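The values are calculated or read from the model by the stated rules, or taken from the named source; none is laboratory data. Not measured: the values here are computed from a predicted model. For neighbour counting, all protein chains shown are included, and Cβ atoms are generated from backbone atoms with ideal geometry for every residue, glycine included. Accessible surface areas use protein heavy atoms only, side chains included; no ligands, DNA or RNA. Shrake-Rupley method; radii C 1.70, N 1.55, O 1.52, S 1.80 Å.
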Amino acid sequence: MLGATALPFYGAFVSEEKLQLFGDVSGKKMLEIGCGSGHSLQYLGECKVSELWGTDISEKQIEKTTQHLTSCGLSAKLICSPMEEECGIPEDYFDFVYSIYAIGWTTDLEGTFCRIASYLKKDGVFIFSWSHPIHKCVVAENNMLTFKKCYFDESWYSVSLGEGTLALSDRKLSTYVNALAKAGFVVEQMIEQSDDEIMQSWDDNSEFAKKAKMLPVTFVVKARKL
């Protein structure tokens, strides 16, 4: 699902339409970290938000987002920058910061969460989704689920993405929760359950769908800035 997931979906089998984590966003200021092709910005832009902002490390993705939003009659302030770095985003400004399947690419989780906290108003909400770490440890084979990797192993490895190569670490859930706490967030909700209705609409014979019935493949966190 990497690179293709966008709201209303948080991952393969989890949707905002069912969870309603954002609630009523009319008149709210929204910032997306890792805006990709702009479909999540479109989804929220159609909910009468007051401001849309987005960042992405890729100039190509920023161009795609601009084109997509323009075709939908929407506009956003877009910034090309790594999420770890200072890039001119206003502080204590946003009601919501969110990230759909992008936050796990950060090379500095604690620093990124602290930066995101700085963008939010007091009581502002941070929502993000990423591949569940247990999903990366288990493979489906011969109608069985087999552990192929240690859950506690957070070592870095290389991943090819487009024309480039990126470093990735499969962080434990506790690593995310502790980094959120350190940045001044309180976790309000965490979702790791696959939605049965969405799963039933998939090809039941796919290994991915079989796996999703047995263990979480995506997790979503809703946290509030204290």
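Quick notes
- Criterion: open to solvent by 60 Å² or more (accessible area, probe 1.4 Å), among the charged types (D, E, K, R) and closer than 17 Å to Phe9 by Cα - qualifying residue of Glu197, Glu207: Glu197
- Filter result (closer than 9 Å to Val97 by Cα and among the charged types (D, E, K, R)) within region 107-130: none
- Strands (runs of 3 or more DSSP E) fully within region 130-226 counting 3 or more residues that are within 16 Å of the chain's Cα centre (by Cα): 185-191, 218-225
- Residues of region 82-118 classified as open to solvent by 10 Å² or more (accessible area, probe 1.4 Å), under 17 Å from the mean Cα position of the chain (by Cα) and of a type in the set (Ser, Thr, Tyr), total: 2
- Of the residues screened, Ile79 is not one that is at pLDDT 95 or above and under 17 Å from the mean Cα position of the chain (by Cα).
- Residue in region 54-75 that is farthest from the chain's Cα centre (by Cα), counting only those that are closer than 23 Å to Gly23 by Cα and open to solvent by less than 30 Å² (accessible area, probe 1.4 Å): Leu69
- One residue alone among Asp153, Asp195 is of a type in the set (Asp, Glu) and touching an Asp or Glu at 6+ places or on another chain (Cβ under 8 Å), and that residue is Asp153.
- On inspection, Lys64 qualifies as of a type in the set (D, E, K, R), in contact with a Gly (Cβ under 7 Å, 6 or more places away or on another chain) and over 19 Å from Trp105 (Cα atoms).
- Some residue of region 127-147 being loosely packed, with under 15 Cβ neighbours inside 10 Å and closer than 27 Å to Glu110 by Cα: no
- Counted residues, region 148-171 - those being touching a Pro at 6+ places or on another chain (Cβ under 8 Å) and open to solvent by 40 Å² or more (accessible area, probe 1.4 Å): 1
- Taking the criterion of being among the aromatic types (Phe, Trp, Tyr) and open to solvent by less than 50 Å² (accessible area, probe 1.4 Å), the residues of region 1-37 that qualify are Tyr10, Phe13, Phe22.
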